[in-house]
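> Before we start, here is the structure in question, set down as structure tokens.
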Amino acid sequence: MSAPEVAAGQELPARTYRVTRADLVRYAGASGDRNPIHWSDRVATAVGLPGVIAHGMYTQGLLARAAAEALPGEVVEIGCKFTAPVVVPDDDEGVEVTFAGTVASVEDGLATVRFEATCGGTKVLGAPRVVVRLAGPGA
Amino acid sequence: MPLDPSIVGRTYPPTAPYPVAEERVREFAAALGTSYDGGPAPATFPIVLAFEAMGTFLEAEGLPLHRIVHGEQRFAYERPVVPGDVLTTALTVTSVRSIGGADLVATRSEVTDAGGALVLTASATLVHRPADEEGAA
């Protein structure tokens, strides 16, 4: 498989991932973040949240996943602001978060990708950005 | 009670050395719906380390975790994290601001390997909502 051509301005295929309460519990265990606002409606509403919300880092983890699926290579930088909560209902459907990325620049084998992450039409991440050292020959 | 701004510049005791186990990396990848097949750990895996360092900070300042919301997080890598690494993390408070009854605490955590070399820097903004600002809504 040859390395994909990557150029500034290129739009990466959008990725959509479903998030359920079960995912949050699993992530809590794997990450060590057992903050009850990510599993208890009682605690979440007591601190003024609309309900149980996804870990910001769960959503950023999905951002990394979206980047990795679109552009193979080593991540040298990843970051975002958490601007709106991803509220995850207590049902089997959960919610969907969509990631659409555009290559902002390619320089010295490093691709900077700016994303838009939305949940129900609302942007949930501020300035999500991933810098990838492109893999493979020709990168 | 709002946070005392004098904590700006303070570095908290480093976490105990954390051996990166392949199984933990696998679990982390699986929790995000992906699989781990060797090589660099998922890009956000070091949150495990940053979170532990944050715990040290919260405990030292008497802040309960459930009053903390993540405002921003960034990882800047010097090299990838791989299983077998033994990593230590030290958190420094870089700024404290009070906005609308909440404290915005900016932190920088340096993750170093067993040889003392910098592996990555994790920068985070934590939003602390003090109890006495809580609404009944």
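The values are calculated or read from the model by the stated rules, or taken from the named source; none is laboratory data. Bear in mind that the values here come from a model prediction, so they are computed numbers and not experimental data. Cβ: placed from backbone, ideal geometry, glycine included. Neighbour counts: every protein chain shown.
> Return the residue satisfying two criteria in turn: it lies in region B:31-51 and is at the interface with another protein chain (Cβ under 7 Å from one of its Cβ atoms) and assigned to a helix (DSSP H, G or I), and of such residues it is nearest to residue B:92 (Cα to Cα).
B:51
> Are any residues in region B:1-26 basic (Lys, Arg) and over 17 Å from residue B:47 (Cα atoms), and if so, which ones? Lay out the reasoning, then the answer.
Quick first cut of region B:1-26, residues basic (Lys, Arg) only: B:10, B:24, B:26.
Scanning region B:1-26 gives a single hit, B:10.
> Turning to a different aspect of this structure: Residues in region B:69-88 that are part of a strand (DSSP E or B) and farther than 17 Å from residue A:67 by Cα: how many?
Adding up the residues that qualify gives 7.
> Could you please give the count of residues in region A:53-63 that are hydrophobic (A, V, I, L, M, F, W, C), more than 14 Å from residue A:114 (Cβ to Cβ) and part of a helix (DSSP H, G or I)? Steps first, please.
Applying the first criterion (hydrophobic (A, V, I, L, M, F, W, C)) to region A:53-63 yields A:53-54, A:57, A:62-63.
Okay, now just the ones that are also more than 14 Å from residue A:114 (Cβ to Cβ), so A:53-54, A:57, A:62.
Then keep just the ones that are part of a helix (DSSP H, G or I); that gives A:57, A:62.
Of the residues in region A:53-63, 2 are hydrophobic (A, V, I, L, M, F, W, C), more than 14 Å from residue A:114 (Cβ to Cβ) and part of a helix (DSSP H, G or I).
> What single numbered condition from (1) crowded, with 18+ Cβ neighbours inside 10 Å; (2) under 17 Å from the mean Cα position of the chain (by Cα); (3) at pLDDT below 95 fails to hold for residue B:3?
It is condition (2) that residue B:3 fails.
> Considering each of B:114, B:122, B:76 in turn, give the residue that is surrounded by fewer than 17 Cβ atoms within 10 Å (Cβ to Cβ), touching a strand residue (DSSP E or B) at 6+ places or on another chain (Cβ under 7 Å) and either within 13 Å of chain A (Cβ to nearest Cβ) or basic (Lys, Arg) (or both).
B:76
> In region A:41-63, what residues are within 8 Å of chain B (Cβ to nearest Cβ) and either among the aromatic types (Phe, Trp, Tyr) or over 22 Å from the mean Cα position of the chain (by Cα) (or both)?
Selection gives A:43, A:46, A:47, A:48, A:58.
> Another question about this same structure. Output the number of residues of region B:54-68 satisfying the condition of being in contact (Cβ under 8 Å) with a residue 12 or more places away in the chain, assigned to a helix (DSSP H, G or I) and either within 14 Å of chain A (Cβ to nearest Cβ) or of a type in the set (Gly, Ala, Ser) (or both).
So the answer is 4.
> Looking at region B:33-44, is at least one residue closer than 30 Å to residue A:22 by Cα, surrounded by fewer than 19 Cβ atoms within 10 Å (Cβ to Cβ) and in contact (Cβ under 8 Å) with a residue 40 or more places away in the chain?
Taking region B:33-44 as the starting set, the residues that turn out to be closer than 30 Å to residue A:22 by Cα are B:33-44.
Those left that are additionally surrounded by fewer than 19 Cβ atoms within 10 Å (Cβ to Cβ): B:33-35, B:37-40.
The next check asks that each one be in contact (Cβ under 8 Å) with a residue 40 or more places away in the chain; those that pass are B:39-40.
Checked against the condition, which is being closer than 30 Å to residue A:22 by Cα, surrounded by fewer than 19 Cβ atoms within 10 Å (Cβ to Cβ) and in contact (Cβ under 8 Å) with a residue 40 or more places away in the chain, region B:33-44 yields at least one hit.
> For region A:1-40, what are the residues that are within 19 Å of the chain's Cα centre (by Cα), away from chain B (no Cβ under 14 Å) and surrounded by fewer than 16 Cβ atoms within 10 Å (Cβ to Cβ)?
Listed by number, the residues that qualify are A:11, A:13, A:14.
> List the number of the failed condition for residue A:66; all other conditions in (1) outside any helix (DSSP H, G or I); (2) buried (at least 17 other Cβ atoms within 10 Å of the Cβ); (3) more than 9 Å from chain B (Cβ to nearest Cβ); (4) of a type outside the set (Lys, Arg) hold.
The failed condition is (1).
> Within region A:1-52, restricting attention to residues that are outside any loop (DSSP other than H, G, I, E, B), touching a residue at least 60 places away in the same chain (Cβ under 8 Å) and in contact with an Asp or Glu (Cβ under 8 Å, 6 or more places away or on another chain), which residue is nearest to residue B:65 (Cα to Cα)?
A:21
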